[in-house]
Amino acid sequence: MIQIAGWVHSVTVITPERTVVGKAGSTVVLPCQYSTTVGSQFVVEWKFLPGNTQTAKWQQIYYYSDGTTYKPGSQADRLTAVHHTPTSGAASIQLTDISSLDNGTYVCEVNNPPDFSGSGSGIIQLSVLDEVTGSLLLTNLSAPMSGTYLCTASNEMGKATCEVTISVSGASEAGVVAGAVIGVLLALILIAAILLYLFCYRNRRKETAKSDHPGNEIREDAVSPMMGDEQRRSRDSHHSQGSRDRSENRARVV
């Protein structure tokens, strides 16, 4: 603290929120307020210490001096000052599309020589929540598994729940199985009937073909086309004599 002609010169930095929590992909504001009489050497600086590694070092991500703003850090494209000119008591910054890489500690520092007394810095912890989904897989459902299932999710931002009601009907399950079995049996019976019909139809066709075409049936009185006229007359005479003998034998028997 410096006292000149009854005036007290000091810098006081206040961070209303010590911890800021945001969802991945959202936008957050890191608040920083200060009180001082801005002079020509007024400087606002933000530093970042990543929280994802143990060997992390402080990184300068924002610097304002003499009307000029510098953003040397890797977050430059997503970082802006809430007030374009942070000379009215607010030095808050805004981060868009945050991710787990933004997790860590942020420090807001205000320097305004010759004001060196007071608390010239404030610390904020940023926690980015990665989106996580969950599911419950139920297999081999049975009637005792019917009921209401409650899913609960909680984190630094609060808690949320949802309910799912499941109704398992044993009767419907049995009906489905029975229907499937009956359908298979009917299909098998139909196939068997078709095969039986084709078999019977084929056999009838064969029997009809045999009756219409007797084939090479040999008759006792058949004459060879190679037999001469003399041989034919001799055969006919022999055949007639045989017929008379058979007739006489039948007559004697009677």
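The values are calculated or read from the model by the stated rules, or taken from the named source; none is laboratory data. What you see is a predicted model, and the numbers here were worked out from it, not measured in a lab. In this analysis, Cβ positions are derived from the backbone assuming ideal geometry, glycine residues included, and neighbour counts consider all displayed protein chains. Heads up: the accessible areas ignore ligands, DNA and RNA and are worked out on the full protein's heavy atoms, side chains in. Shrake-Rupley method; radii C 1.70, N 1.55, O 1.52, S 1.80 Å.
What about Gln125, is it within 14 Å of Thr19 (Cβ to Cβ), part of a strand (DSSP E or B) and open to solvent by 50 Å² or more (accessible area, probe 1.4 Å)?
Spelling it out, Gln125 is indeed within 14 Å of Thr19 (Cβ to Cβ), part of a strand (DSSP E or B) and open to solvent by 50 Å² or more (accessible area, probe 1.4 Å).
Output the qualifying pairs, or none if there are none: Cβ atoms under 7 angstrom, residues six or more apart or on different chains, first residue in the stretch 147-159 and part of a strand (DSSP E or B) and open to solvent by less than 80 Å² (accessible area, probe 1.4 Å), second residue β-branched (Val, Ile, Thr) and at pLDDT 90 or above.
As it stands, the answer is none, since no pair meets every condition given.
Being over 19 Å from Ala24 (Cβ atoms) and open to solvent by less than 20 Å² (accessible area, probe 1.4 Å) is the filter; apply it to the stretch 93-112 and report the residue that is modelled with the lowest pLDDT.
Asn112
Could you count how many residues in the stretch 113-122 are of a type in the set (S, T, N, Q) and open to solvent by 20 Å² or more (accessible area, probe 1.4 Å)?
Number satisfying all stated conditions: 2.
Determine which single condition Thr37 fails, assuming it passes every other condition in (1) open to solvent by 80 Å² or more (accessible area, probe 1.4 Å); (2) modelled with pLDDT of 90 or more.
(2)
Restricting the search to the stretch 55-79, which residues are crowded, with 16+ Cβ neighbours inside 10 Å and of a type in the set (Val, Ile, Thr)?
Correct list: Ile61 only.
Output the residue which, of all residues in the stretch 128-146 that are in a loop (DSSP other than H, G, I, E, B) and aliphatic (A, V, I, L, M), is most open to solvent (accessible area, probe 1.4 Å).
Only one residue fits best here, namely Leu137.
Among the residues of the stretch 111-146, write down those that are without any contact (Cβ under 8 Å) to a residue 60 or more places away in the chain and among the β-branched types (Val, Ile, Thr).
Selection gives Val132, Thr133, Thr139.
Of the residues in the stretch 105-121, how many are assigned to a strand (DSSP E or B) and more than 53 Å from the chain's Cα centre (by Cα)?
Matching residues across the stretch 105-121 total 3.
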